[in-house]
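The values are calculated or read from the model by the stated rules, or taken from the named source; none is laboratory data. Note that the structure is a prediction, hence the values are computed from the model and not measured. All Cβ positions, glycine included, derive from the backbone under ideal geometry; neighbour counts span all protein chains shown. Side chains are part of the model used for accessible areas, which takes the heavy atoms of the whole protein and leaves out ligands, DNA and RNA. Shrake-Rupley method; radii C 1.70, N 1.55, O 1.52, S 1.80 Å.
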Amino acid sequence: MIDDDNLNAWFVREVLPLERTLTSYLRRNWRVPEDVAELRQDIYESILIGARRTLPSNTRAYVYTVARNRLINHAKRARIVPIEAIADLDSVNRGADFGLFEAERTLTARDELRRTREGIDKLPPKCREVILLQKVDGMTDREAAEHLGIGIETVRRQIKLGMKALFDHMAGGTGKIVRKAYPRRSDHEVVP
């Protein structure tokens, strides 16, 4: 059983970056555009429930398999099973690209890479270094802590803050690290 922190970190790190292509996939394969956002949320819920037992080795394949199954089930429940929908769903390549055209995949990947780089560049230097050591170089918490001469908890805190900021950037936000605000004591306040 995967704990909530690891499940959420996996979801933010590996599932949410697929949102744009997942939404495109849903728009291509579902006839009612107003249903796409709700379908996507249902898919996210199914993904989280399924991944709670064990994280999939190929997140992209897992996400699109869940999406395909959800579309089929949704079509059956809605009693909307046109031949075109079944044909479109069955024609989806079950390989890594799932029917995306090569040019679209390349452009999407380049855009995501550019946006990710911009988000990483916005991070404070120490946080950026921790993110790069772990997410690019593949170091563990312990290895990154030893490499930087800091504590493991500091590495974990930097990863948590950095990934939240990076996700915020990828979702169109400011990409700034947000720390908890604690009320300041005034100089005249008496401490018991």
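Report, by residue number, each residue of region 4-20 that is free of Cβ contacts under 8 Å to residues at least 60 places away in the same chain, open to solvent by less than 60 Å² (accessible area, probe 1.4 Å) and either farther than 13 Å from VAL63 by Cβ or not hydrophobic (A, V, I, L, M, F, W, C) (or both). Walk me through it before giving the result.
Initially, region 4-20 is screened for residues free of Cβ contacts under 8 Å to residues at least 60 places away in the same chain, giving 4-8, 10-11, 14-15, 18-19.
Adding the requirement that they be open to solvent by less than 60 Å² (accessible area, probe 1.4 Å) leaves 7, 10-11, 15, 18.
Across region 4-20, the qualifying residue is only LEU7.
If you take the residues in region 104-133 that are modelled with pLDDT under 80 and acidic (Asp, Glu), which one is farthest from MET163 (Cα to Cα)?
The residue in question is GLU104.
For region 21-34, give me each residue that is assigned to a helix (DSSP H, G or I) and open to solvent by 80 Å² or more (accessible area, probe 1.4 Å).
Taking region 21-34 and keeping what is assigned to a helix (DSSP H, G or I), we get 21-29, 33-34.
Passing the criteria: ARG27, ARG28, PRO33, GLU34.
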